[in-house]
1. Could you list all residues from region 193-211 that are of a type in the set (Ser, Thr, Tyr) and assigned to a strand (DSSP E or B)?
2. Mind telling me which of the residues Thr206, Thr188, Thr215 ends up being of a type in the set (S, T, N, Q) and under 20 Å from Lys149 (Cα atoms)?
3. Testing Gly214 on (1) in contact with a Gly (Cβ under 8 Å, 6 or more places away or on another chain); (2) in a strand (DSSP E or B); (3) under 26 Å from Asn118 (Cβ atoms), one condition comes back false. Which one is that?
4. Is it the case that Glu113 is part of a helix (DSSP H, G or I), touching a residue at least 24 places away in the same chain (Cβ under 8 Å) and either in the same structural domain as Tyr193 (by TED's automatic domain parsing) or more than 22 Å from Glu88 (Cα to Cα) (or both)?
5. Applying the selection to region 141-158, what residues are crowded, with 19+ Cβ neighbours inside 10 Å, farther than 24 Å from Lys195 by Cβ and either among the acidic types (Asp, Glu) or in contact (Cβ under 8 Å) with a residue 40 or more places away in the chain (or both)?
6. Taking the conditions exactly as written (farther than 21 Å from Gln223 by Cα, touching a strand residue (DSSP E or B) at 6+ places or on another chain (Cβ under 7 Å), surrounded by 16 or more Cβ atoms within 10 Å (Cβ to Cβ) and in contact (Cβ under 8 Å) with a residue 60 or more places away in the chain), does Pro138 satisfy them or not?
7. Could you tell me whether region 206-213 includes any residue that is within 22 Å of Asp57 (Cα to Cα), modelled with pLDDT under 95 and under 14 Å from the mean Cα position of the chain (by Cα)?
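The values are calculated or read from the model by the stated rules, or taken from the named source; none is laboratory data. Values in this document were obtained by computation on a predicted structure and should not be read as measured data. Glycine gets a Cβ as well: all are built from the backbone with ideal geometry, and neighbour counts include every protein chain shown.
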Amino acid sequence: MARKSVPNYVKIHDALKDEVEKGIWKIGQRLPSERDLADRFTVSRMTARQAVTALVDEGILDRRVGSGTYVASRRVREKMRGTTSFTEIISSQGKVPSTEVLSYIRTAPNEVECEKLNITKKDSIIRMERIRYADNVPICYEVASIPFKLVKSFDKKEITSNFFKTLESHGHVIGRSEQIVSAKRVSTEVSEYLKTRVGAAILGLTQVSYLTDGTAFEYVLSQYVGDRFEFYLER
């Protein structure tokens, strides 16, 4: 049986991907236009566009409206196993983590927060809204809810900067977490925080984290920019 020939756009995709991996095209560098790529590989602009689109979908390239196509920065990756803080994830990949606190209040919990944190409406929580960065690039928008009785002796900076480390320094032992990941479209408000276009793909993460004694210490709703962050499973 005769072997099927590889489509031209796949050949172009593979050639460009290989050049990116070899460092011929650097992170943040602008690639030639689709017209120039079509001329280089002697194909139609439609074929060149197919190759570029495939690389954009894979997160290797970043298409910027009105500007061109660039080599994307490597995505931050989180293993879907165990309980790890955002700060630890970013630091472990050689990037500098930082946080912008948008709001921080002590308030009464809603029904969902009561259920997730195993508290009652008579209890109070700290609810904080934050933007998380890696090398000054916005990665995640999150709203975190924490039982006040657990952190009443902590100051605000201890909670907002590296909460997991703070817990451990006060003698608490971090245990398991429950995580649900879903695909969403970013809202106008959150798109402004994350510096991405309205309606862009985001990864929604709902997470409840526990101490080893079974106490739920944090309930977080996070929205990650889809082309800057990825989750992967490890068994």
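1. Hits for region 193-211 are Thr206, Ser209, Tyr210.
2. Sole residue among the options that is of a type in the set (S, T, N, Q) and under 20 Å from Lys149 (Cα atoms): Thr215.
3. (2)
4. For Glu113, the condition - part of a helix (DSSP H, G or I), touching a residue at least 24 places away in the same chain (Cβ under 8 Å) and either in the same structural domain as Tyr193 (by TED's automatic domain parsing) or more than 22 Å from Glu88 (Cα to Cα) (or both) - is met.
5. Across region 141-158, the qualifying residues are Ser145, Ile146, Pro147, Leu150.
6. Here the answer is no, as Pro138 does not meet what is asked.
7. no
This table checks each residue for (1) loosely packed, with under 14 Cβ neighbours inside 10 Å; (2) at pLDDT 85 or above; (3) outside the structural domain of Arg64 (by TED's automatic domain parsing); (4) under 25 Å from Asn136 (Cβ atoms).
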position: Val173; (1), (2), (3), (4): yes, yes, yes, no
position: Ala183; (1), (2), (3), (4): yes, no, yes, no
position: Val190; (1), (2), (3), (4): no, yes, yes, yes
position: Lys195; (1), (2), (3), (4): yes, yes, yes, yes
position: Tyr219; (1), (2), (3), (4): no, yes, yes, no
